[in-house]
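The values are calculated or read from the model by the stated rules, or taken from the named source; none is laboratory data. Bear in mind the structure is a predicted one, so any value in this text is a computation, not a measurement. For neighbour counting, all protein chains shown are included, and Cβ atoms are generated from backbone atoms with ideal geometry for every residue, glycine included. The area values use the complete protein model at the heavy-atom level, side chains included, leaving out ligands, DNA and RNA. Shrake-Rupley method; radii C 1.70, N 1.55, O 1.52, S 1.80 Å.
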Amino acid sequence: MIKIAILGDIGAGKSFVASKFNLPVFNADKEVQKIYKYNKSVYVSLKKLFPKNISKFPINKKELINIIINNKANINLIGKIIHPIVSSKLKLFIKKRSKKRGVILDIPLLVENKLTDKKTVMIYVDSKKRDIVKKLHKRKNFNKKIYKIMKNKQKSLNYKKKISRFIIYNNFNKTHVMNQIKKIKKELKI
């Protein structure tokens, strides 16, 4: 089984690219949303840490955003609770699909949390800054302060580009992106 990691800037189109390989996708953002919605023990842990800020279960994402905006260090405290759960979900996801041709890893802090191995094929999604900004501002939950905090947690885009085997240039034209994905799939024989 081949593991393909999708890297790139926030808003560059990583999830779109990940969905177009016709392989099972582990989307860490969706897993985190499920944890906040269904995992009562995470709620209890976060309520203990932030008793005045967490009001009810399921966890309200806006409350978490406010916790992080009030103190940037809180993102690390939240991460200590969430990351081990996401990591174990990732291991289970890969184990259950061990007979598949491959899997796609769509995980924002994949490199930073050392969730890859030497065999993982890295694909960097490259988009123009102005296109990314335009796309981010269309998101209903876009928060500039959270965006900056998340950017500061990530390794540089140049580093991610350098460690990637392939680069997909995303101009937000579906046909253009699909043609690049077809070439990559052909080269990887998937």
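Worth a mention:
- Residues Lys89 and Tyr169, FRET efficiency given R0 of 41 Å [Cβ-Cβ distance, rounded to 0.05]: 0.85
- Here segment 92-190 was treated as a single set of alpha-carbon atoms; its pair distances binned every 5 Å from 0 give 2, 9, 17, 21, 21, 16, 10, 4, 0 percent.
- Reciprocal of mean inverse Cα separation for segment 1-48 (Kirkwood radius, Å): 12.9
- Stokes-Einstein, applied to the Kirkwood radius of segment 1-85 over Cα pairs at a viscosity of 1.306 mPa s and 10 °C, places its translational diffusion at 109 µm² s⁻¹.
- Of Lys20/Lys185; Lys138/Lys160; Lys14/Lys151, pairs whose Cα-Cα distance is over 20 Å: Lys138/Lys160
- Surface accessible to a 1.4 Å probe, Glu112 within the full protein complex, Å²: 40
- Spread of Cα-to-Cα distances over 5 Å intervals beginning at zero, given as percent, for segment 43-162: 2, 8, 16, 18, 18, 18, 12, 7, 2, 0
- Label-point separation, Lys140 to Ile190 (7 Å along Cα→Cβ), nm: 3.2
- Ordering of 45-54, 15-24, 169-178 by burial proxy (mean other Cβ atoms within 10 Å per residue, highest first): 15-24, 45-54, 169-178
- Here the contact order of the chain, divided by its residue count and restricted to Cα pairs under 8 Å and six or more residues apart, works out to 38 percent.
- Label-point separation in nm, Ser98 to Ser156, each point 7 Å along Cα→Cβ: 4.0
- Set Lys80/Lys153; Lys61/Lys118; Lys118/Lys182; Lys37/Lys162; Lys99/Lys183 screened for pairs whose C-alpha atoms are more than 25 Å apart: Lys61/Lys118; Lys37/Lys162
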